[in-house]
Amino acid sequence: MMSEVIWRPSEEHLTKSNIARFMKKHGISDYDTLIRRCADNIEWFWDAALKDLGVEWVKPYSKVVEGGLPLAKWFIGGKLNIVANCLDRHQKTDVKNKTAFIWEGDCGAVKKMTYVELADQVNRFAAGLKSFGVGKGDCVGIYMPMIPEMIVAFFAILKIGAVLIPIFSGFGPEPTAIRLDDAKAKVLITADGGLRRGKKIEIKKLADEALKSVPSVKHVVVARRLFEEVPWTKGRDVWFDELMNRPATSDQRPATEILDAEDRAIIIYTSGTTGKPKGCVHTHAGALAQIAKEVTYYMDCKRDDVFFWVTDIGWMMGPWEIIGATFAGATFVVFEGAPNYPKPDRLWDMVERHKITILGISPTAIRLLKKEDMSYVSNRDLSSLRILGSTGEPWDPESYLWFFEKIGGGRCPIINISGGTEIVGCHLSPLPICELKPCTLRGPGLGMDVDVFNEEGKPVRGEVGYLVCKKPAPSMTKGFLNDPQRYLDTYFSKWPNIWNHGDWAYVDEDGFWFLRGRADDVIKVSGHRTGPAEIESALMDHPAVAECAAIGVPHEIKGEAIVCFAVLKPGLNPSDELRKELKTKVGVKLGKTLTPDEIKFVNALPKTRSAKIVRGTIKKKYLGQPLGDLSSVENPDALEALDRAV
């Protein structure tokens, strides 16, 4: 199944997509030529792409890149601002009257805001921040649910040259405090509360608890979401709307700060499930260049699109969606709730009502949604969709094909992207002009010199190896905040000046690229090395399995044994007979060596809010080891259930 081409681009994709325009402009006739030229000459690509995209510079750069890995400098001498490119320039065109975003709350409430309305609110809130003395280089945290005020705050911080620290709204006090203290934030923007699956979340109360150990925060701005009384610190706390409408600041319209290309814009922290969170430092030019390229060329986003990625502001896909869609002058969707609440068709209902054209989601979320009766999908009109997107972890073929056929109707390409917080973008991605096989990422990202290395550091094809990047990209983190050596150790300790991303990748005989999971999740059985994705895909082939996770555990003879945790589809019950059947299924497909030693049935797998299965934490739980930081796990009760299964 994985070797069959299931989607081919139409004539419209080949002639009217954004990437087709770029290729025609530069006389590039086919995909392979494009990828080769981009990797061979990254300076040419980034210069050509930014001109084609229409990135506006206050002062043009004199040189594209200076130096190489691990710390290259980009767009030397150039000056710009993300906000100038995402909001300000649209005020000079008809885009200003378009809907910038559609907000939908957990409760079903909907609010829309045009580009001109958004720019006005951003200006007023930026003036309020400046009244606190916030300016260039100062860090400002956002610890908010996905509400309209979050979008206003997001752009206001960047507009005045401050540095945005987005924090996942589901975090408790400790991980929130760690991030704010590490960044030495001066201001925190939060909310009186939030809603998730109909339940109230006391965000302000959690923020106050976090701030007990963050002395650098002098001001707290609180948006009204629940309109309820919350704990209040006089002299420190101020309401969001009152700050924006203060007489002393309401008539001021601060100019968008002119910044150097390498000036900091956003510091996004990794989940922190493996030790102290890492602060990934992203610049105005680097983040804008990478995100605008990806949303415009990969997702083919245009001004008349309605763009929706199911995400949170604390995950890199939040800033990615906001910056990318507004740069394109499109409309994006901000969603506070869960995709299957209050009914399993919530997401498909949103696609129908808002006429969403580009939909992005994680594989795990699709595995969750496809467990439900097909009537929840078939009763909705999904004809507005033209592009599907995914990221987060490797696909299994069954779920991929369900997404492709049932949601996209076989019409829409799945732009399956993979990268990370550390590059606020992708190493791998298909393009709308590519043929697709199930689960593929097709090939390297544009302007990214990506390869697959074996243990000796040599390029390999037809076997699983390490995903690496051999040349710099503008969005690569400028080290880790306050921990430069950890950055070097994380990505460059295996091979000098080669970015080792930590993923297993595979390139087939036709040049299609696939991911095989994280290298630190690798399972080694009797000398045979594999990733969890291979085993999980074999299990997912069985009609009883809704989702699963595979881990490797110590074994005195084989080195490691395979243990799998499986969630069954509704209405099915665990049994020894089914367990035996599943083991046989994997053994037939992958061989006796990779047959699981154990299969445990559970009701749910522990995941992050962005729907990633935390296999490392599952393994620690199984082995009885300390679990470490669980702040990124949305359903810790699933970890407790593992105890009973084990």
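The values are calculated or read from the model by the stated rules, or taken from the named source; none is laboratory data. Worth saying up front: this structure is predicted, and the values here are computed from it rather than measured. Quick reminder, even Gly has a Cβ in these numbers, built from the backbone with ideal geometry, and neighbours come from all protein chains shown. Keep in mind that these areas ignore ligands, DNA and RNA; they rest on the heavy atoms of the full protein, side chains included. Shrake-Rupley method; radii C 1.70, N 1.55, O 1.52, S 1.80 Å.
Restricting attention to the range 547-571, the residues that are farther than 16 Å from residue 535 by Cβ and in contact with a strand residue (DSSP E or B) (Cβ under 9 Å, 6 or more places away or on another chain) add up to 4.
Of the residues making up the range 358-395, those that are closer than 17 Å to residue 430 by Cα and not β-branched (Val, Ile, Thr) are 359, 360, 362, 363, 386, 388, 389, 390, 392, 393, 394, 395. In the range 601-623, the qualifying residues are those that are over 17 Å from residue 367 (Cβ atoms) and touching a Lys or Arg at 6+ places or on another chain (Cβ under 9 Å), and the one that is surrounded by the most Cβ atoms within 10 Å (Cβ to Cβ) is 622. In the set (1) of a type in the set (Asp, Glu); (2) open to solvent by 10 Å² or more (accessible area, probe 1.4 Å); (3) at pLDDT below 95, the condition left unmet by residue 510 is number (3). Sub-9 Å Cβ pairs linking a first residue in the range 621-646 that is touching a residue at least 12 places away in the same chain (Cβ under 8 Å) to a second residue that is among the aromatic types (Phe, Trp, Tyr) and in a loop (DSSP other than H, G, I, E, B), at least 6 apart or interchain, are 631/168; 631/171; 632/168; 632/171, ordered by first then second residue.
For residue 401, the test of being touching a Gly at 6+ places or on another chain (Cβ under 7 Å) and either under 21 Å from residue 344 (Cα atoms) or open to solvent by 10 Å² or more (accessible area, probe 1.4 Å) (or both) is failed.
Here is a check on your reading of the model: is residue 467 under 14 Å from residue 72 (Cα atoms), of a type outside the set (D, E, K, R) and not in a loop (DSSP other than H, G, I, E, B)? Against the criterion (under 14 Å from residue 72 (Cα atoms), of a type outside the set (D, E, K, R) and not in a loop (DSSP other than H, G, I, E, B)), residue 467 does not qualify.
Every test in (1) out of contact with any His (no Cβ under 9 Å at 6 or more places or on another chain); (2) open to solvent by less than 20 Å² (accessible area, probe 1.4 Å); (3) of a type outside the set (Val, Ile, Thr); (4) part of a loop (DSSP other than H, G, I, E, B) is passed by residue 456 save one, and that test is (2). Against the condition touching a strand residue (DSSP E or B) at 6+ places or on another chain (Cβ under 7 Å), of a type in the set (Gly, Ala, Ser), surrounded by fewer than 23 Cβ atoms within 10 Å (Cβ to Cβ) and modelled with pLDDT of 95 or more, how does residue 287 come out, does it pass? No. Looking across the range 580-622, just one residue is closer than 14 Å to residue 552 by Cα, within 22 Å of the chain's Cα centre (by Cα) and assigned to a loop (DSSP other than H, G, I, E, B), and that is 614.
Listed here are the residues, each with its yes/no results for (1) open to solvent by 40 Å² or more (accessible area, probe 1.4 Å); (2) out of contact with any strand residue (DSSP E or B) (no Cβ under 9 Å at 6 or more places or on another chain).
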{"site": "57", "(1), (2)": "yes, no"}
{"site": "63", "(1), (2)": "yes, no"}
{"site": "78", "(1), (2)": "no, no"}
{"site": "93", "(1), (2)": "yes, yes"}
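Which numbered condition in (1) open to solvent by less than 10 Å² (accessible area, probe 1.4 Å); (2) more than 28 Å from residue 157 (Cβ to Cβ); (3) out of contact with any strand residue (DSSP E or B) (no Cβ under 8 Å at 6 or more places or on another chain) is the only one that residue 297 fails? So residue 297 meets the others, but not (2). For residue 502, are the conditions met, namely being more than 19 Å from residue 277 (Cα to Cα) and small (Gly, Ala, Ser)? In short, no.
If the condition is being surrounded by fewer than 22 Cβ atoms within 10 Å (Cβ to Cβ) and touching a strand residue (DSSP E or B) at 6+ places or on another chain (Cβ under 7 Å), then the range 107-137 contributes 107, 110, 111, 112, 113, 114, 132, 137. Take the conditions (1) within 26 Å of residue 101 (Cβ to Cβ); (2) not in a helix (DSSP H, G or I); residue 156 misses just one of them, which is (2). Would you confirm, using the coordinates I've provided, whether residue 9 is more than 30 Å from residue 151 (Cα to Cα), out of contact with any helix residue (DSSP H, G or I) (no Cβ under 7 Å at 6 or more places or on another chain) and open to solvent by less than 60 Å² (accessible area, probe 1.4 Å)? Yes: the conditions hold for residue 9. Against the definition (open to solvent by 10 Å² or more (accessible area, probe 1.4 Å), in contact (Cβ under 8 Å) with a residue 40 or more places away in the chain and assigned to a strand (DSSP E or B)), how does residue 195 come out, yes or no? Here the answer is yes, as residue 195 does meet what is asked. Count of the range 494-517 residues, restricted to those that are touching a strand residue (DSSP E or B) at 6+ places or on another chain (Cβ under 8 Å) and without any contact (Cβ under 8 Å) to a residue 60 or more places away in the chain, is 7. If the condition is being part of a helix (DSSP H, G or I), in contact with a strand residue (DSSP E or B) (Cβ under 8 Å, 6 or more places away or on another chain) and not hydrophobic (A, V, I, L, M, F, W, C), then the range 323-347 contributes 324, 326. For residue 438, the conditions (1) in a loop (DSSP other than H, G, I, E, B); (2) within 20 Å of residue 608 (Cα to Cα) are fulfilled apart from (2). Number of residues in the range 14-43 that are more than 24 Å from residue 64 (Cα to Cα), open to solvent by less than 20 Å² (accessible area, probe 1.4 Å) and more than 27 Å from the chain's Cα centre (by Cα): the value is 0. Against the condition within 23 Å of the chain's Cα centre (by Cα) and crowded, with 24+ Cβ neighbours inside 10 Å, how does residue 178 come out, does it pass? Judged against the criteria, residue 178 is not a match. Could you tell me whether residue 635 is outside any helix (DSSP H, G or I) and under 30 Å from residue 335 (Cα atoms)? Spelling it out, residue 635 is indeed outside any helix (DSSP H, G or I) and under 30 Å from residue 335 (Cα atoms).
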